[in-house]
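What follows draws every value from the coordinates through simple rules; no lab data is involved. What you see is a predicted model, and the numbers here were worked out from it, not measured in a lab. Cβ: placed from backbone, ideal geometry, glycine included. Neighbour counts: every protein chain shown.
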Amino acid sequence: MKINRILQVLIILVLPFLFLMSAVRVLITPGYAAFEYQRSWFPKDPYGMSKDERLVWSRYAINYLTNDEDISYLGDLRFEDDKEVFNARELEHMIDVKKVVKTSLTVWYALLGFTFAVLMWFVIMGAWKPLRQGLIGGAWLTVGLIVALIIFIAVSFNNLFDRFHQLFFKDGTWLFYESDTLIRLFPLTFWRDAFILVSVLTLLFAGLLLIIFGVISKVRKNKQKKSLATP
């Protein structure tokens, strides 16, 4: 059926985004920041912010990206000396980041629903072959894209990081001083590790799917051999 072929292609194209966003969602939690700050080689704040302080303020920043609060959630924060935690430029950038995160998550949820509906269609129609080919094709496409991403990270992460921000944010709105809180909480090392972990998790998701189908295929072949060998 032509509809099966169309749905198969859509599955192949959608899976990389689903795997990638699933990995990203795992990292949009205070837990990832806590993991980074615990590492002995993570750079210390040159302006004296302690690990415990980083944990407190990063939790607010990360939670803001997924909650329903307005920017006052961050704008009302103050250090012990009553100085604002985030300045106006940082707050403006966080508003932009929240829009990108919320939009990406909305698309992710929608595509998850779409993918589930497509899977149910294939199951109800008994179209196992196009379903299997679509999932395997999507997994291999994911592997190819992530391998390319890892190469970019290894060759020039700084350039990749700049291009990423240029894609989603207006020029200059994502550049800050080293003394700004966002840089002190989330230095370049934080983002480099995030890109690496997202890549690894995405590969794991795709690899797990390929392993599952590999095992299923092997079991099927063994059954066929046994049936042929039976007199």
Quote to one decimal, in nm, the extra length available between Thr29 and Ile153 on full extension: 0.36 nm per residue of separation minus the C-alpha distance between them.
42.4 nm
Over region 1-98, what lengths in whole Å, largest first, do the semi-axes of the equivalent ellipsoid take, defined as the square roots of 5 times the eigenvalues of the alpha-carbon gyration tensor?
38, 18, 9
Given a Förster distance of 35 Å, the FRET efficiency implied by the Cβ-Cβ spacing of Leu111 and Ala88, rounded to the nearest 0.05, works out to 0.50
List, in order, the whole-Hz ³J(HN,Hα) value for each residue of region 31-40 obtained from phi through the Karplus relation with A = 6.51, B = -1.76, C = 1.60 and θ = phi - 60°; use x for Gly and Pro.
x, 5, 4, 4, 4, 5, 5, 6, 6, 5
Net charge around Ile212, counting only other residues with Cβ within less than 14 Å of its Cβ (Lys, Arg = +1; Asp, Glu = -1)?
+3
Computed label-point distance, nm, for sites Ile95 and Trp191 using a 7 Å Cα→Cβ extension
2.1 nm
Candidate values (i) 58; (ii) 68; (iii) 65, label of the one derived for percent of Cα pairs over 20 Å apart
(ii)
I need the phi-derived Karplus couplings for region 184-201: 6.51 cos²θ - 1.76 cosθ + 1.60, θ = phi - 60°, integer Hz, Gly and Pro marked x.
5, 7, 10, x, 4, 4, 4, 6, 4, 4, 5, 4, 5, 5, 4, 5, 5, 4
Estimated 222 nm signal from helices in the chain, with DSSP H stretches of n ≥ 4 weighted -39500 (n - 2.57), rounded to 500:
-27500 deg cm²/dmol
Region 97-204: trypsin sites (Lys or Arg not before Pro) in DSSP loop, at most 11 other beta carbons within 10 Å:
Lys170
